[in-house]
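The values are calculated or read from the model by the stated rules, or taken from the named source; none is laboratory data. Keep in mind that this is a model prediction, so the values were computed, not measured. So basically every Cβ, Gly included, is an ideal-geometry build from the backbone, and we count neighbours across all protein chains shown.
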Amino acid sequence: MLRRFKPWPGKIEGNDVEPERKKIDPSITWIANYCKHCFTCVAICPVDNLFFDEDELTSRQKCIQCQLCMKYCPDFALEVVPRPKVRRSPTKQQEIKSTPAGEVSSKSVLSTTREGSRQ
């Protein structure tokens, strides 16, 4: 997937103004002072999620995380953070395949973590 260059988060170059970030959806952040109100994000959204209400970008809370709004915004005024994908086990049992220390070798790990330490 090709990604466009995004300015480094922080102050706007040549200005002392902090970027004004507004969370408009659980996964969408709008940087208000980058936005030039060109309506590209509104036009490109396949589910009609975004709209402007009195000069503020607003969400209908039905984002499918296609990231088209972010990719086509000429002012880099949108950030879309994908939600983590959660997979469910067909048997509905929790499963730990690895930990920061490495592979899990014992299935007793789950019962120990659920019931607490038995010392």
- Considering region 33-69 alone, what residues qualify as being surrounded by 16 or more Cβ atoms within 10 Å (Cβ to Cβ) and closer than 20 Å to Glu18 by Cα? Tyr34, Cys35, Leu57
- Task: Output the residues belonging to region 25-44 that are modelled with pLDDT of 95 or more and over 14 Å from Asp75 (Cβ atoms).
- Result: Ala43
- May I ask you to list pairs of residues, at least six apart or on different chains, whose Cβ atoms are under 6 Å apart, with the first in region 25-38 being among the charged types (D, E, K, R) and the second being part of a strand (DSSP E or B)? Asp25/Ser59
